[in-house]
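All remarks here apply to the structure that follows.
The values are calculated or read from the model by the stated rules, or taken from the named source; none is laboratory data. These numbers come from a predicted model, not from an experiment. Cβ: placed from backbone, ideal geometry, glycine included. Neighbour counts: every protein chain shown. The area values use the complete protein model at the heavy-atom level, side chains included, leaving out ligands, DNA and RNA. Shrake-Rupley method; radii C 1.70, N 1.55, O 1.52, S 1.80 Å.
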Amino acid sequence: MWWDERVSARFRRNLQPTLTYWSVFFSFGLCIAFLGPTLLDLRCQTQSSLSQITWVFFSQQFCLLLGSCLGGVFKRTLAQSLFALFASSLAISLVFAIIPLCHNVVVLAVVMAVAGLAMGCIDTISNMQLVKIYQKDSAIFLQALHFFVGFGALLSPLIADPFLSDTNCILSNSTANASSNLPHIRKSLVPHHPGNLSHYDLPMKGMVVTRVSYAFWIMALINLPVPIAVFFLLYKERMVPCFNGSSHPLLSADELAMETRPAEKEDLSTAVQRPHAAGGHDDLFSCCQSKNYRGASYTYFAVHITGALVLFMTDGIVGEYSGFIYSYAVEEPLSVVHKVAGYLPSLFWGFITLGRLISIPVSYRMKPATMVFINVVGVLITFLLLLIFSYSVVFLFVGTASLGLFLSSTFPSMLAYTEDILQYKGCATTVLVTGAGVGEMVLQLLVGSIIHDQGSYSFLVCGMIFGGLAFTFYAFLLFFHRMYPKPSSDIDDASPDKPAVMDDTGQYQR
């Protein structure tokens, strides 16, 4: 194996929970990418307008953000985390099954809000649990985790594609005008920006003819093994009430040592370590309580804020680039034909997935800080070249692929790096996941408004600015890393906050 025996042994000891978290993130990816291509058929199913149906985007994204903020609530015990993942992954399967039954746009928006909450919980908890298990070795496993979300995001549009309507799915006397433009409308739909499509006459009343229901039922079946896998992990850990039994797994050596540690030593080390523990991986609202960060240094807050701002920019770039690259390509000066421009979002997401696959072995040989530096510099240079060669269709495709590669590993690398700085005792996972979610939603809305007012060229200018800001915030993060106090080995050894999952044991902690 290309990694050393220590990491390999640790992976074998934690094989079932690791595979379970990866599968749950596949469920996350499956749910995050289906809405765009199926939105026109869902418009027909609910017999709503373009402006009404785009609110379904918002309900999913907003509740995803809310779920990410609240996900840390379930971290307090392993049982809470696993039950939350079980409920979330099962909810996604139920959402897929229920969507074909939603014939009102408000009902559909509520169902998608439930899906968003489930996705947000999955995002926070899966990242958090993998960091807990592997700690300093977590980078490679986080890269694999985010590969699975990319794989799911690639799979769901492929499942939906054979069932999408080739002609207008509401039959009426005015269908002829818009039917030939359906592929263009489908690629142009992004949250709250259907204004450039208002001149297309899409009927709202008539006989609905769509087969998209089959796609959702297929995705529900494909996702069903995921909650089953989480249930089996709960059963293995003897956390299912009906199958609990009277015996529990024995404590590992490290856990036993912690249980038998003298109380006075524990109290002393707790008092010394509390300023840096700052509450641990809590939900966003618990992280903001003053009692959790009383006595912490300013660099503690600076690391959280700058790390979140880097992901605010990079994940925002992912959202705005995937949402508007098609619209940019079909307008002047490039004027790419609609069918060819339709490949650009798929190319972008394909290279994001490929980049995450490549990053799995690379992250074992390269430090997360180095990978993030390469990513943000690569994004900045790519946007600069896209601006220089803004009249080249060929370079637009090359730049799109390059941007996907550089953005692919930014989130897991940034999470591993920030958690490492904070010695796994801050609120990094919750804060970074929330910052990334806010960036993806806000920057997409901001860029859409700017493009509407200033024209298509501003799309690349915005990307260049966001890339420059990401690099600037990362430079500040490096500065605060140098200033952040390093714990002494004595305090580390004595601290009861030191995680029970050690390098030499790698036990999965309950």
Quiz item: Tell me, what is the 1.4 Å probe accessible area of PHE480, in Å² to the nearest 10?
Solution: 40
Quiz item: Taking the Cα centre of the stretch 296-486 as the origin and placing charges on Cβ (Lys, Arg +1; Asp, Glu -1), which of VAL442, MET371, TYR326 is farthest toward the positive end of the dipole?
Solution: MET371
Quiz item: Which value, in Å², gives the accessible area per residue of the stretch 296-486 when a 1.4 Å probe is used on the protein heavy atoms?
Solution: 38
Quiz item: Taking the Cα centre of each part, how many Å lie between the stretch 343-411 and the stretch 37-72?
Solution: 28
Quiz item: Tell me, what is the FRET efficiency for ARG482 and GLN454 to the nearest 0.05, using R0 = 30 angstrom and their Cβ-Cβ distance as r?
Solution: 0.15
Quiz item: Hey, any idea what % of the stretch 351-418's accessible area is carbon plus sulfur with a 1.4 Å probe?
Solution: 80
Quiz item: Say R0 is 22 Å: what FRET efficiency, to the nearest 0.05, do LEU15 and LYS367 get from their beta-carbon distance?
Solution: 0.30
Quiz item: For PHE466, what is the net charge nearby, where nearby means another residue's Cβ is under 12 Å from its Cβ and Lys, Arg count +1, Asp, Glu -1?
Solution: -3
Exercise. Counting only heavy atoms of the protein chains, get the accessible area per residue of the stretch 40-163 (1.4 Å probe) and round it to a whole Å² value.
Key: 31
Quiz item: Using a 1.4 Å probe on the protein chains only, how many percent of the accessible area of the stretch 35-163 belongs to carbon and sulfur?
Solution: 77
Quiz item: With all protein chains present and a 1.4 Å probe, how do TRP55, TRP349, TRP217 order by accessible area, largest first?
Solution: TRP55, TRP217, TRP349
Quiz item: According to a simple spin-label model (label point 7 Å from Cα along Cα-to-Cβ), what is the distance in nm between THR472 and LYS339?
Solution: 4.5
